[in-house]
Structure formats: structure tokens, C-alpha cells
Amino acid sequence: MSQGSCPVAVAASDRPRVSVITPGVTESELAESISDPTARAAMETYRAVAMPADAIAAAVSFAIEQPAQVDVNEVVVRPVSVPR
């Protein structure tokens, strides 16, 4: 599964700022909706090191909370451990 980016528009005064938040493996209900047992098991294994969604929310908050003269262009958030 590829990692996706999520551009977040952050308006500051009259100049918009755009930050790209690229999350790594994140906890979700995705694996619960997979009907194929093999694919479901693979997804559960892949997500064994998943970060909580709060980690991504904190990255978005970080970008938004910067002063108007600061533009956070890109934030890559990944779990400490990665599936092998």
C-alpha cells in the first residue's frame, strides 16, 4: 500500500499557505472491511506498527499553529517501527 499525501490549506492573513502532510501507516478501520481473509490478514500484519490518528492530527496542528510568516511546506510522519 502506498503512502498518500494530504495537502492542507492554511490561510494566514491575505496569503494562503499550503502544507503537505504525508502520513505513514496509521490506525484505521480499513482492515475490518476487507472480506478476503488473506488480504485482511496481510493488512492486519502491515498495520501492526500503525500510529494513532492523533499523531497525524498533531502534525496538522503544528502546521496550522505556526506564525503567519512561517510556511511549513512538508511534514512526513512515520511510525518508529516499520513492517517488514
- Note on the structure: Of (1) of a type outside the set (S, T, N, Q); (2) in contact with a helix residue (DSSP H, G or I) (Cβ under 7 Å, 6 or more places away or on another chain); (3) modelled with pLDDT under 85, D14 fails just (2)
- Within the bounds of region 63-71, is there any residue that is in contact (Cβ under 8 Å) with a residue 24 or more places away in the chain and part of a helix (DSSP H, G or I)? yes
- Query: Scanning region 22-62 for residues that are in a helix (DSSP H, G or I) and in contact with a strand residue (DSSP E or B) (Cβ under 9 Å, 6 or more places away or on another chain), which turns out modelled with the lowest pLDDT?
  - Reply: R47
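The values are calculated or read from the model by the stated rules, or taken from the named source; none is laboratory data. Here the structure is a predicted model, which is why all the values come from computation and not from measurement. For neighbour counting, all protein chains shown are included, and Cβ atoms are generated from backbone atoms with ideal geometry for every residue, glycine included.
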